[in-house]
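Take a look at the structure set out below.
The values are calculated or read from the model by the stated rules, or taken from the named source; none is laboratory data. Remember, predicted model here, so these are calculated numbers, not experimental data. Glycine gets a Cβ as well: all are built from the backbone with ideal geometry, and neighbour counts include every protein chain shown.
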Amino acid sequence: MMKRRSFLASGALLAFGASIAFFSMDLVSLAHEYEVGKIKVQHPWLRAPQDGDNKAQFYAMIENNGDAPDRLIGVKSEKFGKTTILADGKSEGPLTIPPKQKITLAPGAGYVDLLDIKKHLEVGWGLEMTLVFEKAGEVTIDAAIDAPDAKHAHDAEAMERWEKAHGKDNSGPKPDAHQGHEGHMMHHHDGM
Ligand SMILES: [Cu+2]
């Protein structure tokens, strides 16, 4: 698992890059990427569940440097149960990555639903999970856990809003910050 600090560092870089040009993330994607066979996975991240919910959405940029199409056919981890791949954001089905192309799973486009999450996913940390590609095989990645309303990977603004709403600003933890939140009973702060 990556340490929290490295996520914050790369988040700051990404926010900086994003403010210049939203689609120039390549410039700052030096770290946080994984390779298996001809497939490269960049900035895997997820939107943490809303308070009290147990499902999250997974996103990433997936590049196919091979000469043949490959498909993302599975996503697994002991931290969640069933997953549903929605390549077009609407209907269930594997995600095809054509040769020499990069596919971006992002809010408003394709994503993977992670269901039956068995553990609290702490925003700002990472979740180890395995992606299964039809040809390239399996690769274990560390997905950044972003705020439930994050617009892109390492969305520092969304994280800041989330931290304020959850009493995690600079004034330190406030034990009562969660009172009145729905689903507080499911909200365990035991780290990852
Ligand atoms: Cu990243």
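For (1) surrounded by fewer than 18 Cβ atoms within 10 Å (Cβ to Cβ); (2) modelled with pLDDT of 95 or more; (3) farther than 17 Å from Lys55 by Cα, each residue gets a yes or a no:
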{"site": "Pro94", "(1), (2), (3)": "yes, no, yes"}
{"site": "Pro98", "(1), (2), (3)": "yes, yes, yes"}
{"site": "Thr104", "(1), (2), (3)": "yes, yes, yes"}
{"site": "Asp113", "(1), (2), (3)": "yes, yes, no"}
{"site": "Lys119", "(1), (2), (3)": "yes, no, no"}
{"site": "Leu131", "(1), (2), (3)": "no, yes, yes"}
{"site": "Ala136", "(1), (2), (3)": "no, yes, yes"}
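One line per residue, one yes/no per condition, for (1) assigned to a helix (DSSP H, G or I); (2) surrounded by 19 or more Cβ atoms within 10 Å (Cβ to Cβ); (3) more than 14 Å from the ligand (Cβ to nearest atom); (4) at pLDDT 95 or above:
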position: Ser6; (1), (2), (3), (4): yes, no, no, no
position: Ala15; (1), (2), (3), (4): yes, no, no, no
position: Ala18; (1), (2), (3), (4): yes, yes, no, no
position: Phe23; (1), (2), (3), (4): no, no, yes, no
position: Asp26; (1), (2), (3), (4): yes, no, no, no
position: Gln42; (1), (2), (3), (4): no, yes, no, yes
position: Gln57; (1), (2), (3), (4): no, yes, yes, yes
position: Ala60; (1), (2), (3), (4): no, yes, no, yes
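Run Leu30 past the list (1) within 13 Å of the ligand (Cβ to nearest atom); (2) over 15 Å from the mean Cα position of the chain (by Cα); (3) at pLDDT 95 or above and report the number of the one that doesn't hold.
(3)
Among the residues that make up segment 67-84, is at least one of them of a type in the set (Asp, Glu), out of contact with any strand residue (DSSP E or B) (no Cβ under 9 Å at 6 or more places or on another chain) and over 18 Å from Thr130 (Cβ atoms)?
yes
Is there a residue being of a type outside the set (D, E, K, R), under 18 Å from Gln57 (Cβ atoms), out of contact with any strand residue (DSSP E or B) (no Cβ under 6 Å at 6 or more places or on another chain) and modelled with pLDDT of 95 or more anywhere in segment 138-146?
Going through segment 138-146, the residues of a type outside the set (D, E, K, R) turn out to be 139-141, 143-145.
Retained after the next criterion (residues that are under 18 Å from Gln57 (Cβ atoms)): 141, 143-145.
From what is left, the residues that are out of contact with any strand residue (DSSP E or B) (no Cβ under 6 Å at 6 or more places or on another chain) are none.
Checking segment 138-146: not a single residue is of a type outside the set (D, E, K, R), under 18 Å from Gln57 (Cβ atoms), out of contact with any strand residue (DSSP E or B) (no Cβ under 6 Å at 6 or more places or on another chain) and modelled with pLDDT of 95 or more.
Which one of these does Thr130 not meet: (1) within 19 Å of Lys79 (Cβ to Cβ); (2) in a loop (DSSP other than H, G, I, E, B)?
Condition (2) is where Thr130 drops out.
Can you find a residue in segment 126-141 that is of a type in the set (Gly, Ala, Ser) and within 16 Å of the chain's Cα centre (by Cα)?
Of segment 126-141, the ones of a type in the set (Gly, Ala, Ser) are 126, 136-137.
From what's left, within 16 Å of the chain's Cα centre (by Cα): 126.
Among the residues of segment 126-141, at least one is of a type in the set (Gly, Ala, Ser) and within 16 Å of the chain's Cα centre (by Cα), which makes the answer yes.
I'd like the full set of residues that are part of a strand (DSSP E or B) and touching a Pro at 6+ places or on another chain (Cβ under 6 Å), limited to segment 86-125.
Start the filter on segment 86-125 by keeping residues that are part of a strand (DSSP E or B), which leaves 86, 93, 95-97, 101-105, 111-114.
Residue satisfying the conditions is Thr96 alone.
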